[in-house]
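*Asks:* Next up is a structure, given as structure tokens.
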Amino acid sequence: MKTKYNFLVVVTLLALIFSACGGGASQPAVVRIGWAAGPDSLNIGIAWLGTAYTISELTYSTMYELRLDGTLAFELGTDVQRSDDGLVYTYTIREGVEFHDGQPLTAKDVAFTYNLIMAHEDFPTLHSYVEHFVSVDAPDDKTVVITLDEAIPNIESKLVFLYIFPEHIWKNYAEGDAAATFENLEMIGSGPFKMLEYKPNEFIRLGANKDYFGGAPKVDEVIFQVFSNSDVLVQALKTGQVDMITGVPNTSVDLLKADENIKVVSGAPLSPDLADIIFNMVDPANCPVDDGGLCTGHPALRDRQVRLALAHATDKQKIIDVILLGLGDPGIALIPKGMGEWFNSDIVDYKFDIAEANKILDDAGYKDTDGDGTREMPDGSRPLVFRMNWPSSDTSAPRLADLLAETWGQLGVKLEMQAVESDALTAKCCPALDYDIMLWGWIADPDPNTLLIIPTTDQIPTGYNETGYSNPRYDELFAAQGLELDHNKRVEMVHEMQAIIHEDVPYIIPYYASAIEAYRVDRFTGWKDSETKIALEDPSSLLAIEPVK
């Protein structure tokens, strides 16, 4: 009841605030987007959630941009020269670019940003992009020179999400913990939209950057509004409180399609994602105590036979049919199917087989010795009762948890299920490892490196490795593929890494979902809804849309 009351208050207030918006001839054109959760931070250096990257894509610029066909193209860069040994890249930067506060963006800002990220391992995701960077220099205002310690095959994908910070602001937060604790509420960038107002967990209001070097947006403002309840989110679109929603619940697709003022679009997401059933399997010897590790996971989950049994007891097709209404593919590997040749299609998944799953647990010594319906550890010390958590903003996770409880329960495994607010779950997760099983997911970069780094041993203390998984062969392959210049050999390595993860079962990947979004056709026109990939919240759409006349 409290949540509903708060929502009504927010909607009422926003309705009053925005009552003058909508794009009439004398009114500002304000497009309103509903989504399930806002960013976890405006400081992208410490952010984990995809929504933080969505806002950064709109407010910052990068060397390259990711296009809706999945290709990379220059954004701030205009030219690059690569040395014969592949160790030095010399970029030419676009001239005449300004930050939102009117200060010029030069090569010195680019070099400052890359050096800042190189110096900060407490920027866990961004820091992984600058692996092998030795130095970055700006000999003049339009030239950036990146020197590497090894030739790498993927410099473009290393730079595509390194958002350029203004040195004149960030230099005051460059040292020590200041960079990671900087809230960055003004979010001064050089992208097509400027930060106007931010209310955490309520809304973000962005204004058009009329001086954007890529061409000014045709709308005046974009407002992202948080709806923690998916039914209310859908209703907000139907009633016209918002103009577009991301993450349409599959169960609402037919309802929205029946509305003549709404168009539903689905297809491959711009950044392929995957759903994860994540096991806390960290070995006590690898618990990152110095980095806040608690490592309270159930000891049974360190046993591959238990994880394998749970994999055999996961009915992926039923999950897809029930949760996605068929709009998805069974998940197999850590690399999503949408990543083309990087996806290892030769892996044969574990068959859904309850009898086989029970046999695996029987053979491993997990018996129900007291006859209460729940198996115990082989030494009888603990029952197989696992805590299962998921982010409260995930609308599909509760149903997934129910389906898993149904089939895993047939093994004599019980779940204590609880949704947790995203920030709180992040704190329990990484690197605290204070959970048993989580339902969450990852979004992929164009290059597989960003997903492949997750299960590496080095990433346990950073929190990037959320399972505590450690495998020397996997670590060796990760390092090698990152330097392999022969494309076919690199693909083979990436495939082997996926096979290792599938064999060791630190995750179960239930599905790869299609992107489903919806917008009102009577408010704005020009949405990029027929491209190879779907992302209506991407700059490509928000720069193109304009009020319906």
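The values are calculated or read from the model by the stated rules, or taken from the named source; none is laboratory data. No experiment lies behind these values; they were computed from the predicted model shown. Ideal geometry is used to build each Cβ from the backbone, glycine not excepted, and the neighbour counts take in all protein chains shown. Calculation scope for accessible area: heavy atoms of the full protein, side chains included, ligands and nucleic acids excluded. Shrake-Rupley method; radii C 1.70, N 1.55, O 1.52, S 1.80 Å.
*Asks:* Would you check which residues across region 269-307 are hydrophobic (A, V, I, L, M, F, W, C) and closer than 30 Å to Ile534 by Cβ and list them?
*Replies:* Step one: list which residues in region 269-307 are hydrophobic (A, V, I, L, M, F, W, C), which gives 270, 274-275, 277-279, 281-282, 285, 287, 289, 294-295, 300-301, 306.
Those that are hydrophobic (A, V, I, L, M, F, W, C) and closer than 30 Å to Ile534 by Cβ: Leu270, Leu274, Ala275, Ile277, Ile278.
*Asks:* In region 130-150, how many residues are touching a residue at least 60 places away in the same chain (Cβ under 8 Å) and within 22 Å of the chain's Cα centre (by Cα)?
*Replies:* Matching residues across region 130-150 total 1.
*Asks:* Does Gln481 meet the test of being open to solvent by less than 10 Å² (accessible area, probe 1.4 Å), under 23 Å from the mean Cα position of the chain (by Cα) and free of Cβ contacts under 8 Å to residues at least 40 places away in the same chain?
*Replies:* Numbers: open to solvent by less than 10 Å² (accessible area, probe 1.4 Å): yes; under 23 Å from the mean Cα position of the chain (by Cα): yes; free of Cβ contacts under 8 Å to residues at least 40 places away in the same chain: yes.
So Gln481 fits the description; yes.
*Asks:* Let me ask another. With respect to Lys142, determine if the residue is surrounded by fewer than 18 Cβ atoms within 10 Å (Cβ to Cβ) and of a type in the set (D, E, K, R). Working first, answer last.
*Replies:* Details: surrounded by fewer than 18 Cβ atoms within 10 Å (Cβ to Cβ): yes; of a type in the set (D, E, K, R): yes.
Yes, satisfied.
*Asks:* Taking region 114-126, which residues are crowded, with 18+ Cβ neighbours inside 10 Å and at pLDDT below 95?
*Replies:* Result: Phe123, Pro124, Thr125, Leu126.
*Asks:* Another question about this same structure. Given the criteria closer than 20 Å to Pro272 by Cα and either out of contact with any Pro (no Cβ under 6 Å at 6 or more places or on another chain) or open to solvent by less than 20 Å² (accessible area, probe 1.4 Å) (or both), does Ile545 qualify?
*Replies:* Numbers: closer than 20 Å to Pro272 by Cα: no; either out of contact with any Pro (no Cβ under 6 Å at 6 or more places or on another chain) or open to solvent by less than 20 Å² (accessible area, probe 1.4 Å) (or both): yes.
No, not satisfied.
*Asks:* Would you be able to tell me the number of residues in region 464-478 that are open to solvent by less than 20 Å² (accessible area, probe 1.4 Å), assigned to a loop (DSSP other than H, G, I, E, B), hydroxyl-bearing (Ser, Thr, Tyr) and modelled with pLDDT of 90 or more?
*Replies:* Result for region 464-478: 2.
*Asks:* What's the total number of residues in region 497-547 that are part of a helix (DSSP H, G or I) and either within 22 Å of Leu72 (Cβ to Cβ) or in contact with a Gly (Cβ under 9 Å, 6 or more places away or on another chain) (or both)? I'd like the intermediate steps shown before the answer.
*Replies:* Within region 497-547, the subset part of a helix (DSSP H, G or I) is 497-504, 539-542.
Okay, now just the ones that are also either within 22 Å of Leu72 (Cβ to Cβ) or in contact with a Gly (Cβ under 9 Å, 6 or more places away or on another chain) (or both), so 539-542.
Qualifying residue count for the region: 4.
*Asks:* For residues that are among the charged types (D, E, K, R) and part of a loop (DSSP other than H, G, I, E, B), tally how many sit in region 68-98.
*Replies:* Residues of region 68-98 among the charged types (D, E, K, R): 69, 75, 79, 82, 84-85, 94-95, 98.
If we keep only those that are part of a loop (DSSP other than H, G, I, E, B) too, we end up with 69, 75, 84-85, 94-95.
Residues in region 68-98 being among the charged types (D, E, K, R) and part of a loop (DSSP other than H, G, I, E, B): 6 in total.
*Asks:* Quick check on my filter: what residues within region 187-208 are of a type in the set (A, V, I, L, M), touching a residue at least 60 places away in the same chain (Cβ under 8 Å) and either open to solvent by 10 Å² or more (accessible area, probe 1.4 Å) or outside any strand (DSSP E or B) (or both)? Don't jump to the end; show me each part of the working.
*Replies:* Let us first name the residues in region 187-208 that are of a type in the set (A, V, I, L, M), namely 187-188, 195-196, 204, 206, 208.
After this cut, where a residue has to be touching a residue at least 60 places away in the same chain (Cβ under 8 Å) as well, the list is 187-188, 195, 204, 206.
Matches in region 187-208: Met187, Ile188, Met195.
*Asks:* Please work out which residue is surrounded by the most Cβ atoms within 10 Å (Cβ to Cβ), limiting yourself to region 438-463 and to residues that are out of contact with any helix residue (DSSP H, G or I) (no Cβ under 6 Å at 6 or more places or on another chain) and in a helix (DSSP H, G or I).
*Replies:* Leu451
*Asks:* Here's a check for you: in region 159-186, which residue that is open to solvent by less than 10 Å² (accessible area, probe 1.4 Å) and part of a helix (DSSP H, G or I) is nearest to Tyr64 (Cα to Cα)?
*Replies:* Leu159
*Asks:* Taking region 492-510 as the region of interest, how many residues are in contact (Cβ under 8 Å) with a residue 12 or more places away in the chain, open to solvent by 20 Å² or more (accessible area, probe 1.4 Å) and either under 25 Å from Ile320 (Cα atoms) or β-branched (Val, Ile, Thr) (or both)? Lay out the reasoning, then the answer.
*Replies:* Quick first cut of region 492-510, residues in contact (Cβ under 8 Å) with a residue 12 or more places away in the chain only: 493-502, 504-510.
Then keep just the ones that are open to solvent by 20 Å² or more (accessible area, probe 1.4 Å); that gives 493, 495-496, 499-500, 502, 504.
Those still in the list that are either under 25 Å from Ile320 (Cα atoms) or β-branched (Val, Ile, Thr) (or both) too: 495, 499-500, 502, 504.
Total satisfying the criteria: 5.
*Asks:* Tally time: how many residues in region 283-302 are open to solvent by less than 90 Å² (accessible area, probe 1.4 Å) and either in contact with a Pro (Cβ under 8 Å, 6 or more places away or on another chain) or within 11 Å of Pro461 (Cβ to Cβ) (or both)?
*Replies:* Going through region 283-302 one residue at a time, the tally reaches 7.
*Asks:* Could you please find all residues in region 361-399 being part of a loop (DSSP other than H, G, I, E, B), among the small types (Gly, Ala, Ser) and surrounded by 15 or more Cβ atoms within 10 Å (Cβ to Cβ)? Outline the logic, then answer.
*Replies:* Step one: list which residues in region 361-399 are part of a loop (DSSP other than H, G, I, E, B), which gives 364-375, 377-382, 384, 392-396.
Checking which are among the small types (Gly, Ala, Ser) leaves us with 364-365, 371, 373, 380-381, 392-393, 396.
Ala364, Ser392, Ser393, Ser396 - these are the residues of region 361-399 that are part of a loop (DSSP other than H, G, I, E, B), among the small types (Gly, Ala, Ser) and surrounded by 15 or more Cβ atoms within 10 Å (Cβ to Cβ).
*Asks:* Can you pull out every residue in region 126-144 that is farther than 17 Å from Ala174 by Cα and among the β-branched types (Val, Ile, Thr)?
*Replies:* Residues satisfying the conditions are Val134, Thr143, Val144.
*Asks:* Test Leu433 against the stated conditions and say whether it is touching a residue at least 24 places away in the same chain (Cβ under 8 Å), open to solvent by less than 10 Å² (accessible area, probe 1.4 Å), farther than 21 Å from Ser396 by Cβ and hydrophobic (A, V, I, L, M, F, W, C). Spell out the reasoning first.
*Replies:* Details: touching a residue at least 24 places away in the same chain (Cβ under 8 Å): yes; open to solvent by less than 10 Å² (accessible area, probe 1.4 Å): yes; farther than 21 Å from Ser396 by Cβ: yes; hydrophobic (A, V, I, L, M, F, W, C): yes.
So Leu433 passes the test.
*Asks:* Could you name every one of the strands (runs of 3 or more DSSP E) located completely within region 209-307 that has at least 3 residues being in contact (Cβ under 8 Å) with a residue 40 or more places away in the chain, within 23 Å of the chain's Cα centre (by Cα) and under 24 Å from Ala444 (Cα atoms)? Working first, answer last.
*Replies:* Details: elements: 221-226, 262-267, 273-279.
Counting at least 3 such residues, we get 262-267, 273-279.
*Asks:* Here is a follow-up. Out of curiosity, is Ala216 closer than 30 Å to Leu452 by Cα, surrounded by fewer than 17 Cβ atoms within 10 Å (Cβ to Cβ) and out of contact with any Leu (no Cβ under 6 Å at 6 or more places or on another chain)?
*Replies:* Working: closer than 30 Å to Leu452 by Cα: no; surrounded by fewer than 17 Cβ atoms within 10 Å (Cβ to Cβ): yes; out of contact with any Leu (no Cβ under 6 Å at 6 or more places or on another chain): yes.
So Ala216 does not fit the description; no.
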